[in-house]
Amino acid sequence: MINSMQGAACETNAPKARNVLLCDIGSTYTKLTAVDIEKGKIIGFSKSYTTIEDDVTIGYNKALELLKDQTGEIHFAKKLCASSAAGGLKIISSGLVPDLTAKASRLASASAGGKVIKTYSYELTEDDAKNIESENPDIILLSGGIDGGNKEVLLHNATMVSKISGNFHVIVAGNKSAKDDVAKILSQNVVFTENVMPEFGVLNIEPVKEVIRKLFIENIVSAKGLDSIQKIMDMEIIPTPLAVLEACEILGKNIGEIMAYDLGGATTDVYSIADGSPKTIDCFMNGLQEPYAKRTVEGDLGMRYSMEALLEQTETENLIRGYQLNEPDYHKWIRICREYKGTLPTGDFEKYHTIDEAIASEAIKISTNRHVGTKKKVMTLAGEAFLQEGKDLTGIKYIIGSGGAIINARNPQKILQKAIYTPSDAELLKPLKPTLLLDESNCMCAMGLLSRIEPNLAVQLMKENFKEI
Amino acid sequence: MKQITLVMGVIGADVHAVGNKILNFVFTDAGFKVVNLGVMVTQKEFVEAAIESAADAIIVSSLYGQGEIDCKGLRDKCDEAGLKGIKLYAGGNLVIGKVDFEEVEERYKKMGFDRVYPPGSDPQISVVHLKEDFGVE
């Protein structure tokens, strides 16, 4: 409420101050959305190529001119911006045990809007260090050990990271007993914060999220050449996935438990806004209790840059037969996409759209299976019982699809249906009867930004713009 | 003096929670740092919790008779995970049928457990043993 009051204060000074500009600087396009707050309407949308290599404001200004063609000369009371340009917020996360602190550090990085390139567990090796260096991350997150627990791994990994060269920041969120020793090893560009798992099984990701947010604003924005655009904006630039997560959170609060997908060329992002804890008294929780607002980033599932990695996880035979594809066409299309990453199944390539839909469907299927929890039956003397790991998402009410590969598909419902439970999913806790929605106008990022100042309007506009399929 | 860390829980498909709560209370009260995993705990969970917490001992409870199957291989898993020499304690209704406790103890020691307790043991005895084993007061 405070924010919207501030907004109102600004508006009194300007004649046409009822408008807000929402800006999403992607790796390819700079997208602008104009919203008239008083009328509660989206009044314009434009996009132009992102020009981060030269000056990011060139692309922004071009998009702004295009926007003005729709709205006429316009004044904005507030301008807000999210960015995933220049590789996004690249994070390497690490911990001790894969299912415990390593998982906690990955969840923390992902929910801060990071592009989690890889998560390491146990001791980093020389090879790991080399790989990390070649990834050129923005942030390396070190964790491991509960407070008072294992120190060795954190100390070892700090030593390994101290040998890596590059322009990155280190966040240490591990066993607090190791802090003083780690501080002796790492002296530059390091921030210490609370343990991601201070006690066994207790997830504590907010302090890491806050540190990542600060680093992004204070250092990474300028390192990525976003300074000039930051000066134009009225609020801090945030990572695009964080804006989408916030859009999902506010929508979930209003319409019930939701999941959302953003399927892109390099990654598949999955969001779930749901409690996810066991639904019956005979079901016991195993492992970590995952966050209410959970985001996972799958770097090996994408339509182009990570298409190869995706296809490695599926049997070509099954893909061709399962989706009734023409085999020669399939191989031809894969060759084309491998060579020209920007190829779309339009124009001359129209006939290949079913193949892209098959690839997209697989990305949704695999990413869902990784995101949701599992429930296994066990026999006890007191009768049948169940062990649950991860989130129970069977009760999800809505699934929202966004990202070019879904919204431009001829049959987006076929792709999104892969998120729904089928008998062959056995123990996976996938949604049972969700309603499928399409973010046709790709407005989730903009609505996440808008929710920071006008939460109710953001919800209303999403409801209006999402199409049931 | 270093605080001794104990990882404890009821192993397998066993939902007996009362004894677990009593042990948690007694051990915490005696000054140990307790990581309590509750009921229906798998071997993997015991091992992973012990790694993260740098535990000194794992305390396994079992009341439903299937403990022997559940506990088999726990020592090997600990060795494999780098927890060499970690103390393993087991207690409860550890085997099926009426078997002399001496035999039960022998079977469990063969499986790599350091101390074994029969049903109805006084938890204070384990506290005395733990303090003795780790040389703490």
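If a residue has to be touching a strand residue (DSSP E or B) at 6+ places or on another chain (Cβ under 8 Å) and within 12 Å of chain A (Cβ to nearest Cβ) to count, how many in region B:48-66 make the cut? Before you say what the answer is, go through the steps one by one.
We begin by selecting, within region B:48-66, every residue touching a strand residue (DSSP E or B) at 6+ places or on another chain (Cβ under 8 Å); these are B:49-50, B:53-64.
After this cut, where a residue has to be within 12 Å of chain A (Cβ to nearest Cβ) as well, the list is B:49-50, B:53-56, B:62-64.
Qualifying residue count, region B:48-66: 9.
Which of the residues belonging to region A:202-213 are touching a residue at least 24 places away in the same chain (Cβ under 8 Å) and either in a helix (DSSP H, G or I) or within 16 Å of the chain's Cα centre (by Cα) (or both)?
Matches in region A:202-213: A:205, A:207, A:208, A:209, A:211, A:212, A:213.
Where residues in region B:67-77 are within 14 Å of chain A (Cβ to nearest Cβ) and surrounded by fewer than 21 Cβ atoms within 10 Å (Cβ to Cβ), which of them is nearest to residue B:7 (Cα to Cα)?
Kept after step one, since they are within 14 Å of chain A (Cβ to nearest Cβ), are these residues of region B:67-77: B:67, B:69-70, B:77.
Those still in the list that are surrounded by fewer than 21 Cβ atoms within 10 Å (Cβ to Cβ) too: B:69, B:77.
Values: B:69: 20, B:77: 15 Å.
Filtering region B:67-77 for residues that are within 14 Å of chain A (Cβ to nearest Cβ) and surrounded by fewer than 21 Cβ atoms within 10 Å (Cβ to Cβ), the one nearest to residue B:7 (Cα to Cα) comes out as B:77.
Hey, which of the helices (runs of 4 or more DSSP H) in region A:59-178, taking only ones fully inside, have at least 1 residues that are buried (at least 24 other Cβ atoms within 10 Å of the Cβ) and within 14 Å of chain B (Cβ to nearest Cβ)? Steps first, please.
Values: elements: A:101-111, A:126-135, A:152-162.
Of the helices (runs of 4 or more DSSP H) lying wholly inside region A:59-178, those with at least 1 residues that are buried (at least 24 other Cβ atoms within 10 Å of the Cβ) and within 14 Å of chain B (Cβ to nearest Cβ) span A:101-111, A:152-162.
Table: residues versus (1) in a loop (DSSP other than H, G, I, E, B); (2) touching a residue at least 12 places away in the same chain (Cβ under 8 Å); (3) on the phi < 0 side of the Ramachandran plot.
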position: A:297; (1), (2), (3): no, yes, yes
position: A:302; (1), (2), (3): yes, yes, yes
position: A:310; (1), (2), (3): no, yes, yes
position: A:320; (1), (2), (3): no, no, yes
position: A:330; (1), (2), (3): no, yes, yes
position: A:342; (1), (2), (3): yes, yes, yes
position: A:350; (1), (2), (3): no, no, yes
position: A:354; (1), (2), (3): no, yes, yes
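For region B:13-42, what are the residues that are under 13 Å from the mean Cα position of the chain (by Cα) and within 12 Å of chain A (Cβ to nearest Cβ)? Working first, answer last.
Of the residues in region B:13-42, the ones under 13 Å from the mean Cα position of the chain (by Cα) are B:19-20, B:23-24, B:27, B:34-39, B:41-42.
B:34, B:35, B:36, B:37, B:38, B:39, B:41, B:42, listed by residue number.
Being closer than 27 Å to residue B:135 by Cα and among the hydrophobic types (A, V, I, L, M, F, W, C) is the filter here; which residues of region B:27-47 pass it?
B:27, B:30, B:32, B:34, B:35, B:37, B:46, B:47
Given A:211, A:191, A:196, which one is within 14 Å of another protein chain (Cβ to nearest Cβ) and within 21 Å of residue A:110 (Cα to Cα)?
Values: A:211 fails: within 14 Å of another protein chain (Cβ to nearest Cβ); A:191 fails: within 14 Å of another protein chain (Cβ to nearest Cβ).
Within the list A:211, A:191, A:196, the selection yields A:196.
Residues that are at the interface with another protein chain (Cβ under 9 Å from one of its Cβ atoms) and buried (at least 16 other Cβ atoms within 10 Å of the Cβ): does region B:88-101 have at least one? Let's see the steps before the verdict.
Step one: list which residues in region B:88-101 are at the interface with another protein chain (Cβ under 9 Å from one of its Cβ atoms), which gives none.
No, there is no match, as no residue in region B:88-101 is at the interface with another protein chain (Cβ under 9 Å from one of its Cβ atoms) and buried (at least 16 other Cβ atoms within 10 Å of the Cβ).
Give region A:315-337 a look and list any residue that's under 22 Å from residue A:366 (Cα atoms) and either acidic (Asp, Glu) or at pLDDT below 90 (or both), or say none.
Matches in region A:315-337: A:315, A:317.
I need the full set of residues from region A:372-393 which are more than 7 Å from chain B (Cβ to nearest Cβ), under 28 Å from residue A:107 (Cα atoms) and assigned to a strand (DSSP E or B), in order please. Write out each step before concluding.
Within region A:372-393, the subset more than 7 Å from chain B (Cβ to nearest Cβ) is A:372-377, A:383-384, A:386, A:388-393.
Next, only the ones that are under 28 Å from residue A:107 (Cα atoms) stay: A:372-377, A:386, A:388-393.
Hits for region A:372-393 are A:374, A:375, A:376, A:377, A:386, A:388, A:389.
Mind checking which residues of region A:214-245 are surrounded by fewer than 17 Cβ atoms within 10 Å (Cβ to Cβ) and assigned to a helix (DSSP H, G or I)?
Correct list: A:214, A:217, A:218, A:219, A:222, A:223, A:227, A:228, A:230, A:231, A:232.
Which condition number does residue A:197 fail, the rest of (1) aliphatic (A, V, I, L, M); (2) in contact with an Asp or Glu (Cβ under 8 Å, 6 or more places away or on another chain); (3) assigned to a strand (DSSP E or B); (4) crowded, with 24+ Cβ neighbours inside 10 Å being met?
Every listed condition holds for residue A:197 apart from (3).
The values are calculated or read from the model by the stated rules, or taken from the named source; none is laboratory data. Small disclaimer: the values here were computed from a predicted structure and weren't measured. Please note: Cβ atoms are built from the backbone with ideal geometry, for glycine as well, and neighbour counts cover all protein chains shown.
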